[in-house]
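Here's the structure we're looking at; comments come further down.
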Amino acid sequence: MSDQSKATATYRRLFGYLRPYWLIFLVGIFANLLYGFVDTEFVKAFEPLIDDAIYGDDKELLAFAPLFILIIIVLRGIASFTATYAMSYVGTYLVHDLRRELFTKYVTLPAQFFDQHKTGDLISTLTYNSEQLKQSTTEAVTTIVRSLAVIIFALIGMFQNSWKLSLIFLVTAPVIGLLVNVIS
């Protein structure tokens, strides 16, 4: 069995433990998507502010700029808090379920098992390794979803502004990335 298929099987099994918490997990994913959307819209919103309010004639827009920036920052903060809280909640209860299952397994094992295995290794499995699973699932999902959301919403914004320039970027970016990878 290859390393990738082992990792896939492990994550499938791990996501099986998420079933009781799927709704909170989806709230966390939605909040991460909202965070990515607000993050990219924050940048796009500055275009009319700079063009029309600072360099143009629409000085009334400049009066609303602090309120707009405050609303964006509050939305971003709420999305970030909700995502972090939901993912932490899911991760904590995931670890709780894993530890409970592992402890139940330890209790039912014969005494010879404990004679053959180091107590420190067993305790490490019960505490440290289960905590590492929490970190790898919740933080990895948060990072992946937020990054993908920012990339997708940024690409949408790029295509809305100039689809020709966006296509040029999409064609040249992989070539540049490959060259950088080969050179370094």
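Where a number appears in this text, it was derived from the coordinates with a stated rule and is not lab data. Note that this is a predicted model, so its numbers are computed, not measured. When we count neighbours, we look across all protein chains shown, and the Cβ atoms used for this are built from the backbone with ideal geometry, even at glycine.
Between the listed residues Gln4, Ser80, Leu26, the Cα displaced farthest toward the positive end of the dipole of the chain, a dipole computed from Cβ unit charges relative to the Cα centre, is found at Gln4. 3J(HN,Hα) couplings calculated from phi for region 154-160 with the Karplus curve 6.51 cos²θ - 1.76 cosθ + 1.60 (θ = phi - 60°) are, in sequence order, 5, 5, 4, x, 5, 5, 5 Hz; Gly and Pro show x. Here Asp52, Asp115 are placed in order of increasing Cβ neighbour count within 10 Å, fewest first, which gives Asp115, Asp52.
Largest GNM mean-square fluctuation among Gly91, Gly36, Gly56, using the chain with Cα springs under 10 Å: Gly56.
Of Ala79, Ala31, Ala53, the residue with the greatest mean-square motion in the GNM of the chain, using alpha carbon springs below 10 Å, is Ala53. For the chain, the number of Lys pairs separated by eight or more positions or lying on different chains, with C-alpha atoms closer than 26 Å, is 8.
Counting 0.36 nm for each residue step from Phe114 to Leu167 and taking away their Cα separation leaves a gain of 12.9 nm.
Considering every alpha-carbon pair of region 1-101, the percent of pairs per 10 Å bin, from zero through the bin containing the longest distance, is 14, 28, 23, 16, 11, 7, 1. The phi torsions of region 79-90, fed into the Karplus equation with coefficients 6.51, -1.76 and 1.60 and a -60° offset, translate into couplings of 4, 5, 4, 4, 5, 5, 5, 4, 5, 5, 4, 4 Hz, rounded to whole numbers, with Gly and Pro shown as x.
Each of Ala154, Tyr93, Val171 was placed along the dipole of the chain (beta-carbon charges, centred on the mean Cα), and the one lying farthest toward the positive end is Tyr93. Segment Thr125..Thr92, full-extension length gain: 10.3 nm, with 0.36 nm per residue of separation and the alpha-carbon distance subtracted.
Working from the Cα coordinates of region 5-50, the gyration tensor eigenvalues give, after taking √(5λ), semi-axes of 36, 14, 4 Å in decreasing order.
Placing +1 on each Lys and Arg Cβ and -1 on each Asp and Glu Cβ, with no other charges, gives region 3-183 a dipole about its Cα centre of roughly 880 debye. Diagonalising the gyration tensor over the Cα atoms of the chain and scaling each eigenvalue by 5 before taking the square root yields semi-axes of 47, 23, 12 Å, largest first.
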